[in-house]
1. Could you check region 23-81 and list, in sequence order, the residues that are hydroxyl-bearing (S, T, Y) and exposed (fewer than 12 other Cβ atoms within 10 Å of the Cβ)?
2. So E14 ticks every box in (1) in contact (Cβ under 8 Å) with a residue 40 or more places away in the chain; (2) under 11 Å from the mean Cα position of the chain (by Cα) but one. Which box is left unticked?
3. Quick check, is E16 more than 15 Å from S100 (Cβ to Cβ), acidic (D, E) and surrounded by 12 or more Cβ atoms within 10 Å (Cβ to Cβ)?
4. Scan region 82-98 for residues that are touching a Phe, Trp or Tyr at 6+ places or on another chain (Cβ under 8 Å) and surrounded by 11 or more Cβ atoms within 10 Å (Cβ to Cβ) and report the count.
5. Mind checking which residues of region 60-98 are touching a residue at least 12 places away in the same chain (Cβ under 8 Å), outside any loop (DSSP other than H, G, I, E, B), of a type in the set (S, T, N, Q) and within 24 Å of T19 (Cβ to Cβ)?
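Bear in mind that the values in this text are calculations on the coordinates, not laboratory data. Just so it is clear, the structure is predicted and the values come from calculations on it, not from any experiment. As a convention, Cβ positions derive from the backbone with ideal geometry for all residues, glycine included, and neighbour counts pool all protein chains shown.
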Amino acid sequence: MINKVTLVGRLGAEPEVRTLESGAMVAKFGMATTENYRDRAGEWQEQTEWHDVVVWRNLAERAQEYLKKGSLIYLEGKLSHRKWQDKDGNNRKTTEVVGSYFRMMPTGQRSGGNDMSAEDSPDEMAAPTAKTPTAANSGPAARPAAANQPMDDGEDLPF
């Protein structure tokens, strides 16, 4: 059985980082992914999904140091479902992506030299045992799209 999530998207805000009593560091952030498609009338539509992401320990430290609102990242992790009670005693459910690896992605903007490319990003943005493709060979998400032009290359899933 497999529980694996792969996302390429942008952070909606700065990561919220805290240190637990045990000394473990945890970072939480929202990540947006966007899908473009043509509707029945042939018009381009854009659908944005928001994902709650949690990263722990070394990844939380790296998130605090490198991730900012609007950062474009490649993220691998797993889905996690939690049940909890709010301050009023109501039962709540949360679905989160628990990240096991992330990597800064090139933004395609070259003005000012402030953007980090895959070559410029910190070497270890992941847990020591994680292996993942680089931006150069990570498939359709790594290909630059023309500005304001939705990608419709007709490709299916890679498996």
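1. Within region 23-81, the first condition is being hydroxyl-bearing (S, T, Y), and the residues that meet it are 33-34, 37, 48, 66, 71, 74, 80.
Correct list: Y37, T48.
2. Result: E14 passes all but (2).
3. Working: more than 15 Å from S100 (Cβ to Cβ): yes; acidic (D, E): yes; surrounded by 12 or more Cβ atoms within 10 Å (Cβ to Cβ): yes.
Taking the combined requirement at face value, the residue satisfies it.
4. Adding up the residues that qualify gives 2.
5. Q64, S80, T94
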